[in-house]
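Input: a single structure, listed below in structure tokens.
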Amino acid sequence: MQKTKLLLGVIIVLTITFLGFQIFGLQDAGNLVRPLLLPLLTILYCISNKCKKSYFFYFLILYSISEFSGVFFPLAENSILIDNILYYGGNLLYIAAYCCLSVGILKTMNLHSIFNRFPFHIIILIALDIYSIILVTDTAYQSDFLYGIIDYLIELLYNTSIMFLLTVALINYISRDSKKAMNLLLGAICIVFSEVIQVAYFYVSEKNILSIVYSILLVFAFCFFYIQSSMSYMKAKKYEVLEKLKA
């Protein structure tokens, strides 16, 4: 218990420090703190006796590895190879992490029942997803930072993974009466808006306010994700049983 409280305190202090650096425009200092946050949160998850075989745990592990690789960014300034490894490897890890979280949510859902209950909702969401993915990907690709078909595909896959997570979390929420589903949805919304603002910051305008907002949203996203990890769908299951009895 003491170790858990101490580690939680360290994470909170580092998070506030990171956001402080972002607010005052100290990006280089913030980049030194950020790689530590997710690995420490993953350690906290482990020592809190949480399930270590869940898709959420895999999500944390993959995301943490990608985040921690940020400590090697200074080396990328003098090496194209290291820069490519960090960019492509890091983005593939993020994509895999988001996919793990999406699969973890899907495994708890009765997909056949959901498709029967919300066919039009799903069609509309898929259409909005496709539009959003193409819009954001083209915005990033039209900048001077991305080159060639590989960069485009990586950006496309990345945007597809986060929009798929949002869609799954939204359908999960509207099909359940559960605080866990609500926290997953709030986390997914924060992730998506954080990523959209990050695209604007990296590829459109390097205004510091954009950096601050996407950092705050990212912090909130993981707060919601971590909170839901200690919840269950028990209430939702009871609700679903009642619905079947009524039918």
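Scanning segment 4-26 for residues that are within 21 Å of the chain's Cα centre (by Cα) and touching a residue at least 60 places away in the same chain (Cβ under 8 Å) turns up Thr15, Phe18, Leu19, Gln22. Being out of contact with any strand residue (DSSP E or B) (no Cβ under 7 Å at 6 or more places or on another chain), at pLDDT below 90 and of a type outside the set (Val, Ile, Thr) holds for only one residue in Tyr201, Tyr226, and it is Tyr201. For segment 152-180, filtering for residues that are acidic (Asp, Glu) and farther than 15 Å from Ile133 by Cβ leaves 1. Looking only at residues in segment 143-174 that are open to solvent by 60 Å² or more (accessible area, probe 1.4 Å) and either in contact (Cβ under 8 Å) with a residue 40 or more places away in the chain or β-branched (Val, Ile, Thr) (or both), the one that is farthest from Ile80 (Cα to Cα) is Ile174. If a residue has to be in contact with a Pro (Cβ under 7 Å, 6 or more places away or on another chain) and of a type in the set (D, E, K, R) to count, how many in segment 52-80 make the cut? Number satisfying all stated conditions: 1.
Scanning segment 120-141 for residues that are open to solvent by 50 Å² or more (accessible area, probe 1.4 Å), in contact (Cβ under 8 Å) with a residue 12 or more places away in the chain and under 17 Å from Val199 (Cα atoms) yields Thr139, Tyr141.
The values are calculated or read from the model by the stated rules, or taken from the named source; none is laboratory data. Note that this is a predicted model, so its numbers are computed, not measured. Using ideal geometry, Cβ is built from the backbone for each residue, glycine included, and neighbour counts are taken over all protein chains shown. Surface accessibility is based on the protein's heavy atoms, side chains included, excluding ligands, DNA and RNA. Shrake-Rupley method; radii C 1.70, N 1.55, O 1.52, S 1.80 Å.
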